[in-house]
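Inspection log for the structure reproduced underneath, given as structure tokens.
The values are calculated or read from the model by the stated rules, or taken from the named source; none is laboratory data. What you are looking at is a predicted structure, and each value in this text was computed from that prediction instead of being measured. Heads up, the Cβs are rebuilt from the backbone with ideal geometry, glycines too, and the neighbour counts pull from every protein chain shown.
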Amino acid sequence: MSDEVKTAKSDNPEEKHHHHGGKFSEGLLDKELILNALDIQPGQKIIDAGCGNGYMSKAFADKATYSGKVYALDHDKHYLGILKRETEGTNVEAIECDITRSIPIDQASADLIYISTVIHGFSKEQLQAFLAEVKRLLKPNGVLAIVEIEKKETPFGPPLNLRFSPEELREVVPMPPLGTIEVGKHFYMQMFKNTEKPED
Ligand SMILES: C[S@@+](CC[C@H](N)C(=O)[O-])C[C@H]1O[C@@H](n2cnc3c(N)ncnc32)[C@H](O)[C@@H]1O
């Protein structure tokens, strides 16, 4: 497993707190499976949108190495502040911003945009605004990876009517789908590619 990741706060109980009605997904998702599926390469630029405590931002940064960069975005001052202090001087840049508004990153600069357990909290308008930013920020052939809780009764999670099935995601995201994988008990990851033509 990725023990080499600088998980400075893994012993910090704060990261397990509830937040905005939902916990961070750390411990619920198979990190290695996600990293392998996304095939993170040295030099890549990655956006972790709605990063929470940033545990995936750090894992991505480890794979992207110092020739790459991870932008960890969240509007939560508290958790972002902690992440900023932890990642000072590393290849993680923690940016406090609203990801449904304009994101302060150059267009066509991201190889991957990862958004985990965030979009079920968006209104239709917020989702559309976020997806417009995704189109602006992704490089040609860049990947959008959306992790969500499955749309059926589970021991935890948001009301069913707020959840997306992979099929529903494929209807709203204006990019060709790449594939869907299970990334934890009750969680899936749906990937999309920023091309004009469907690839599979
Ligand atoms: C359930 S947490 C998931 C955090 C992390 N992605 C994970 O998988 O553990 C949702 C996160 O999205 C952030 N968030 C929600 N709406 C946002 C917005 N409009 N702009 C920036 N961050 C947002 C919240 O502050 C919170 O940290």
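Taken together, Thr65, Thr90, Thr7 contain a single residue that is over 29 Å from Gln128 (Cβ atoms) and at pLDDT below 95, which is Thr7. Of all residues in the stretch 96-126, those satisfying the criterion of being more than 14 Å from the chain's Cα centre (by Cα), more than 8 Å from the ligand (Cβ to nearest atom) and modelled with pLDDT of 95 or more are Glu96, Ile103, Pro104, Ile105, Asp106, Gln107, Ala108, Ser109, Ser123, Lys124, Glu125.
Yes or no, residue by residue, for (1) buried (at least 22 other Cβ atoms within 10 Å of the Cβ); (2) over 19 Å from Val134 (Cβ atoms); (3) at pLDDT 95 or above:
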position	(1), (2), (3)
Gly21	no, yes, no
Glu32	no, yes, yes
Ile47	yes, no, yes
Ala61	yes, yes, yes
Asp74	yes, no, yes
Lys77	no, yes, yes
Leu80	no, yes, yes
Lys84	no, yes, yes
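A count restricted to the stretch 62-81 and to residues that are more than 10 Å from the ligand (Cβ to nearest atom) and in contact with a helix residue (DSSP H, G or I) (Cβ under 7 Å, 6 or more places away or on another chain) stands at 2.
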